[in-house]
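Report on one structure; see the data block that follows.
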Amino acid sequence: MRIWLARHARPLVENGLCYGRLEVEADAAQTQSAAQRLAEVLPACVEVLSSPRGRCGQLARGLAALRPDLAARTEPRLAEMDFGDWEGRLWKGLARGELDAWAADFTHYRAGGTGESTAQFMARVGQLLDESRAAGADQAWIAHGGVFKAMLLCLEGVRTASASRWPRQSLAWGEWHLFEVAA
């Protein structure tokens, strides 16, 4: 089976802002361009799942406007990682001790003290991947950079990761990646 994972367009936020669960708008022109590129590659009637975050909804609506056969279903497990009390703050303004504690226990430390741990985040992405794999039908996921990185690890069979193991590879704003998923 195949999964096209598309990342939302550039969010309209200050560079360096932590905004995982925050509702932030994405650049409208970049969203439309991303929707056009995605509409050109997706096969007819592929199931489209979208993160509940508005920036992903923008892309999902743009895609469906171009290709009504690709209307998305909201999938909560595609949401970006919840960074707790760090949300809405600049990364460079976070206490060094908090970031060091996260790096020391990257798997289990709850980001921002009240957010998700990387293990919780990867568990929900991995659960969706397992269900999709079992169903065997091609899908398109409209999601986030963190979901892309979690997917890279899950497809390697890794369900928990240390900070040193977290992928450096990223998916550019408004771009997509095709994953060939073995049954």
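Within segment 117-156, list the residues whose amide N lies under 11 Å from a label point set 7 Å along Cα→Cβ of MET1.
128-140
For the chain, with a Gaussian network of springs between Cα atoms less than 10 Å apart, report the residue from GLY113, GLY57, GLY93 with the top mean-square fluctuation.
GLY93
Label 7 Å along Cα→Cβ of GLU131; segment 25-56 residues with amide nitrogen under 18 Å?
Zone members listed by number: 47-53.
Just want the ordering: HIS108, HIS144, HIS177, HIS8, from fewest to most Cβ atoms lying within 10 Å of their own Cβ.
The fewest-first ordering by Cβ neighbours comes to HIS108, HIS177, HIS144, HIS8.
If you wrap a convex hull around the alpha carbons of the chain, what volume per residue comes out, as a whole number of Å³?
Considering the Cα atoms of the chain, their hull volume per residue is 100 Å³.
Determine, for each peptide in 95-106, 38-49, the mean count of other beta carbons within 10 angstrom over its residues, then list the peptides with the highest first.
38-49, 95-106
Treating only the Cβ atoms of Lys and Arg (+1) and Asp and Glu (-1) as charged, compute the dipole magnitude of the chain about its Cα centre; round to the nearest 20 debye.
Here the chain has a charge dipole of around 160 debye.
Identify the residues of segment 92-115 with backbone N under 11 Å of a label point that sits 7 angstrom from the Cα of GLU14 along the Cα-to-Cβ direction, or state none.
From segment 92-115, the list is 92-93.
Taking only Cα atoms and a 10 Å spring cutoff, compute GNM fluctuations for the chain and point out the largest among SER33, SER170, SER50.
SER170
For GLU116, GLU180, GLU87, what's the fewest-to-most ordering of other Cβ within 10 Å of each Cβ? Display every interim value, and only then the final one.
On the way: GLU116 23, GLU180 8, GLU87 17.
Ranked by crowding around the Cβ, least crowded first: GLU180, GLU87, GLU116.
How many angstrom lie between the C-alpha centres of segment 98-134 and segment 62-94?
Using only Cα atoms, the two centres lie 16 Å from each other.
If the elastic network links every pair of Cα atoms under 10 Å, which of GLN36, GLN120, GLN169 fluctuates the most in the Gaussian network model of the chain?
GLN169
Report the equivalent ellipsoid semi-axes for segment 101-149 in whole Å, largest first, defined as the square roots of five times the eigenvalues of the gyration tensor built from alpha carbon atoms.
Numbers: eigenvalues 139, 24, 12 Å².
Computed over segment 101-149, the values are 26, 11, 8 Å.
Each reported figure results from applying straightforward, stated rules to the coordinates on display, with no laboratory input. The structure presented is a predicted model; accordingly, all values stated were derived computationally and were not measured. Reconstructed Cβ throughout: ideal geometry from the backbone, glycine too, with neighbour counts over all protein chains shown.
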